[in-house]
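Colleague: Take a look at the following structure, please.
Nothing in this text is a laboratory measurement; each read-out follows from the coordinates by a stated rule. Nothing here was measured: the structure is a model prediction, and the numbers come from that model. In this analysis, Cβ positions are derived from the backbone assuming ideal geometry, glycine residues included, and neighbour counts consider all displayed protein chains.
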Amino acid sequence: MDKINLKGLNAEDTAIILQKYDIPSFRAKQLFQWIYRKNIADFDLMTNLSKELRLLLKERFCIENIAIEKKSVSIDGTIKYLFNLPDNGKIESVLLPPLSVNRLEESAADDEPLNRLTICVSTQVGCPLGCEFCATGYMKYKRNLSVFEIVDQILQVQKDSGKEITNVVFMGMGEPLLNYNNLIKAIDILCHVEGLKISNKHITVSTSGIIPEIIKIADEHKKFKLAVSLHSLDEDIRSKIMPINNKYKLTELIESVRYYYRKTKLKITFEYILFDGLNDREEDIRKIIKLSRSMPCKFNIIRFHESEIFSLDLKGSPRFKEFVDRLRNEKVTVMVRNSSGEDIAAACGQLAVKSNG
Ligand code: SF4
């Protein structure tokens, strides 16, 4: 009989499964704390459980781990982890240094502590959406990650670094909202007081614009932060660089974001990689100003990381500072996301592995 992997079950499911073996709910709670709060994956180390119970657990259950295959450290302190999954699929996660210049600025703006430690995690092996500026989009898409594989990225990095992660951004490989159910279950574990106890205000989910799921998040009143990869406010240009725009049009996407704000009262973040001649023109500035005056939002302006694998001839904008200054002069809330980990291909849009199992 296959053993059941307890890692990846939320508190309720852990209690329900253990109940089938007449294990009382307070034991389920202890087990949940051992796995997520204390990050222990060996039943023998769970000292407040009786010997008999540990024996039963070992017979019927397991606590799996994903394996760190490689670790690359950037000169700026960013660490990129390559993980090997149980089926030999590969994913990457990135641990961001606590005090990079832009996040200093953002921390001050958000009134958050400056000692936060952020991890960028993956939700799929590869990505089916093929954005032109993203290395992950050029990989073969394989599958969604399980809840266990999502949560374990954080647990393994915490164990390896010896530090407690305070912030999680779902901006790694894959489109998180195409793996909605597992994403929500994973966030439930991350935020649970007996789990990793991360505030939902410190969790950001970034989407390329999967409208039905944005509506769902709004209707279900999920309280994590939502970021939308916008990159252009021109329907045709956005379709050219983000094929998903052919399915979920920009105009409808903006409407769904307005709906999200009406329901949640949470300010949306728009991500905007700045490309030369494509989205850094005067008319683009005007469109951003118009949008930002029509709804509470902020813009994350991101430098483009060029790569020879990209099929379109995309170039980073030489007008970066001027563009940001123009928006700030017009009172648009603008954050500049820096290029943490660029030297180890860990920056925005650079995550990709050669073979994904
Ligand atoms: Fe997928 Fe996001 Fe990359 Fe687009 S930017 S290909 S949605 S991982």
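Colleague: Farthest toward the dipole's positive end in the chain, which of ILE23, PRO243, MET173, given Cβ charges of +1 (Lys, Arg) and -1 (Asp, Glu) about the Cα centre?
Modeller: Of the options given, the answer is ILE23.
Colleague: What is the helix-to-structure angle for 250-264, meaning the angle in degrees between its Cα long axis and the longest Cα principal axis of the chain, kept from 0 to 90 and rounded to the nearest 10?
Modeller: Around 50 degrees separate the two axes.
Colleague: Need one number for the stretch 234-301: average projected area of the convex hull over its C-alpha atoms, nm².
Modeller: It is 4.6 nm².
Colleague: Name the cysteines of the chain that stand alone by the Cβ rule: no other cysteine Cβ under 4.7 angstrom.
Modeller: Among the cysteines of the chain, those whose Cβ sits 4.7 Å or more from every other are CYS62, CYS120, CYS127, CYS191, CYS297, CYS348.
Colleague: Just how large is the dipole of the stretch 4-62 about the Cα centre, in debye to the nearest 20, putting +1 at every Lys and Arg Cβ and -1 at every Asp and Glu Cβ?
Modeller: 120 debye
Colleague: Under a point-charge model restricted to the Cβ atoms of Lys and Arg (+1) and Asp and Glu (-1), what is the dipole moment magnitude of the stretch 198-316 relative to its Cα centre, in debye to the nearest 20?
Modeller: The calculated dipole for the stretch 198-316 is roughly 880 debye.
Colleague: Of the beta bridges DSSP finds with both residues in the stretch 67-344, what % are antiparallel, to the nearest 5?
Modeller: Here the share of antiparallel DSSP bridges comes out near 45 percent.
Colleague: Taking one equal scatterer on every alpha-carbon of the chain, how large is log10 of I(q)/I(0) by Debye at q = 0.09 1/Å?
Modeller: Rounded to two decimals, the profile gives -0.51.
Colleague: Report the convex hull volume per residue for the stretch 4-62, counting only C-alpha atoms, in Å³.
Modeller: Value for the stretch 4-62: 72 Å³ per residue.
Colleague: Greater than 27 Å separation of Cα atoms is the criterion. Which listed pairs, LYS80/LYS267; LYS201/LYS287; LYS20/LYS201; LYS222/LYS287; LYS20/LYS222; LYS225/LYS247, meet it?
Modeller: Flagged as over cut-off: LYS80/LYS267; LYS201/LYS287; LYS20/LYS201; LYS222/LYS287; LYS20/LYS222.
Colleague: With contacts defined as alpha carbon pairs under 8 Å and 6 or more residues apart, what's the relative contact order of the stretch 1-69 in percent?
Modeller: Relative contact order here is 43 percent.
Colleague: Taking only Cα atoms and a 10 Å spring cutoff, compute GNM fluctuations for the chain and point out the largest among GLN124, GLN19, GLN156.
Modeller: Checking each option, the largest mean-square fluctuation is seen for GLN19.
Colleague: Turning to a different aspect of this structure: Ratio of the stretch 247-357's C-alpha Rg to 2.2 N^0.38 Å, to two decimals?
Modeller: 1.20
Colleague: Of GLY77, ILE301, ALA186, which is farthest along the charge dipole of the chain in the positive direction, counting Lys and Arg as +1 and Asp and Glu as -1 at C-beta?
Modeller: Checking the options against the dipole of the chain, the answer is ALA186.
Colleague: Roughly how many debye, to the nearest 20, is the charge dipole of the chain about its Cα centre, given +1 on each Lys and Arg Cβ, -1 on each Asp and Glu Cβ, and no other charges?
Modeller: 740 debye
Colleague: Run the numbers on the chain and let me know its relative contact order in percent, using alpha-carbon pairs under 8 Å that are six or more apart.
Modeller: Over the chain, the number comes to 18 percent.
Colleague: Determine the calculated [θ] at 222 nm for the chain from helices alone, applying -39500 (n - 2.57) to every DSSP H run no shorter than 4 residues and normalising by the residue count; nearest 500 deg cm²/dmol.
Modeller: Per the formula, -10000 deg cm²/dmol.
Colleague: Hey, which of these cross-link pairs are over 26 Å Cα-Cα: LYS249/LYS321; LYS3/LYS29; LYS265/LYS290; LYS70/LYS163; LYS29/LYS223; LYS216/LYS321?
Modeller: Listed pairs above 26 Å: LYS249/LYS321; LYS216/LYS321.
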